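Report on the following structure.
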Amino acid sequence: MDNMKEVDNNSCSDGVLLRMGLNDNKAGMQGLDKEKINKIIMKATKGSRFYENELKKDQQVNQRIEKMMQLKEKITTQQLLKAQLQVDKLVTELEQSRNLSNTIVHIDMDAFYAAVEMRDNPELKDKPIAVGSMSMLSTSNYHARRFGVRAAMPGFIAKKLCPHLIIVPLNFEKYGKVSKEVREILTKYDPNFMPMGLDEAYLNITEHLEERVNWPEDKRRFFLNTESTTEKDNADVNISTNFNEGGYSSSPVLFEDNTPLMDDHSEQRDGKQSVENSVVFGTSAEEVVKEIRFRIEQKTQLTASAGIAPNTMLAKMCSDRNKPNGQCRIVPERQAVLDFLKDLPIRKVPGIGKVTEKMLRALGIVTCSELYQKRALLSLLFSEASWHNFLEISLGLGSTHLEKDGERKSMSTERTFSEINTAEDQYRLCQELCRDLAQELQKEGLK
């Protein structure tokens, strides 16, 4: 009996760790001592309301898994064979609809909120910092990630992982201004680009690439800022002229100890700029994205990572491949897409979170190729919408349509807050949120 209780407790702990523990699929989290970090997380949270809430959620997922496994046991060989035929028929239809003609780019600013704070306060540069509050973090810099500190982690847990962590409060007004600067650059490559929050965006650069083929070098040339004449600055300029070859970063924010080299492409300062102090980018998709990242960095002193692929889903996964300050491309060929997905962990896929990951793991599915191999079984266990989505993921199919300004159907407001115990405090918070929402509606001319 005692052994049974021990097994149950271990199972609960494992489930909660899957929800709260280190996710080493995230950029900057690779190679960490997962066991040590998870022990600290468990010790910091066990017995707290946060832990109990996560435990309750995990138990609900376990119940869903139990029902799923019971249903799986009842599936006959004949049912599975029939499902296989139906699913494979759909695979044929989906393959016929595969579109490899678009070049989609996903731009993702590196540790955006934290990078802005580090830029504006150089004293933070070499220190582990996170942006948010003791209740919840929005992001962390790469120094903090080496301790296991990540976004969507309560600040009190992060402090246990990294006692010298500096938590900076959110400043959306400041981040919004920087985001606007980035968007001004993006619109030059795709006027209909699709922003995703303040720090991400999708672009379709297909038309831009067609036009760019005929551009002369001068239209693809960007001048460097050579105002500073110190020996160190001159060395920086020489290195940065190779940006489009080696991906060198001049940003002082994340890792490099250099100064920004240019403000923009258009103005020559005092007529002193020369061809020797410039960078010319090529006409390929890779060169266009290097140019975009270069311009973002010189305008904002912040770095961006990027993914280039035939659709939005693949582009987003690509942008995570060489973070931070890197880029990756999947060439528009069916086999190249399937090769990219073959060993990719399902958790790397946009839209597959910790709940779906746990349910799929229960079926022995860890990679995207396994998602395809068990396509018939999934069609019998999940809703039609879900298994269709899994199938499209396993084939590398995604949207090429960027909807910038769809019809807005709702408005909301939110606030991260510490634990509230009394009904009076809860009621007051609801009033504040309602007032904030009413003000937002008024700004939009809505009632």
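The values are calculated or read from the model by the stated rules, or taken from the named source; none is laboratory data. Quick caveat: nothing in here was measured; it's all calculated off a predicted structure. Cβ atoms come from the backbone with ideal geometry, glycine included; neighbour counts cover every protein chain shown. Surface accessibility is based on the protein's heavy atoms, side chains included, excluding ligands, DNA and RNA. Shrake-Rupley method; radii C 1.70, N 1.55, O 1.52, S 1.80 Å.
Tabulated results
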| item | result |
| --- | --- |
| Leu71-Leu85 pseudo-label distance in nm [points 7 Å out on the Cα-to-Cβ vector] | 2.3 |
| Under the Karplus curve 6.51 cos²θ - 1.76 cosθ + 1.60, θ = phi - 60°, whole-Hz ³J(HN,Hα) for the stretch 383-389, x wherever Gly or Pro sits | 5, 4, 4, 5, 6, 4, 5 |
| Environment charge of Thr283, counting only residues whose C-beta is closer than 11 Å and scoring Lys/Arg +1, Asp/Glu -1 | -3 |
| Average accessible area per residue (Å²) across the stretch 118-158 - probe 1.4 Å, nucleic acids and ligands excluded | 38 |
| Förster-model FRET efficiency, 30 Å R0, Glu181 and Leu94, C-beta, rounded to 0.05 | 0.15 |
| Cα-based shape type of the stretch 31-116, given that a ≥ b ≥ c are square roots of the gyration tensor eigenvalues and the cut on a/c is 1.5 | oblate |
| Estimated FRET transfer efficiency (Gln373, Lys36; beta-carbon r; R0 35 Å; 0.05) | 0.55 |
| Residue-count net charge about Ser319 - beta-carbon cut-off 14 Å; Lys, Arg +1, Asp, Glu -1 | +2 |
| Net charge over other residues, Cβ less than 12 angstrom from the Cβ of Thr356 (K, R count +1; D, E count -1) | +4 |
| Residue pairs, from the table Lys160/Lys374; Lys43/Lys374; Lys174/Lys358; Lys89/Lys316, whose Cα atoms sit over 32 Å apart | Lys160/Lys374; Lys43/Lys374; Lys174/Lys358 |
| Dipole magnitude of the stretch 89-167, debye to nearest 20 (Cβ charges: Lys/Arg +1, Asp/Glu -1, about Cα centre) | 340 |
| Distant-in-sequence amide H partners of Phe193 (H built 1.01 Å from N, under 5 Å) | none |
| Cut-off 19 Å, label 7 Å out along Cα→Cβ of Arg428, residues of the stretch 124-155 by amide N | 135 |
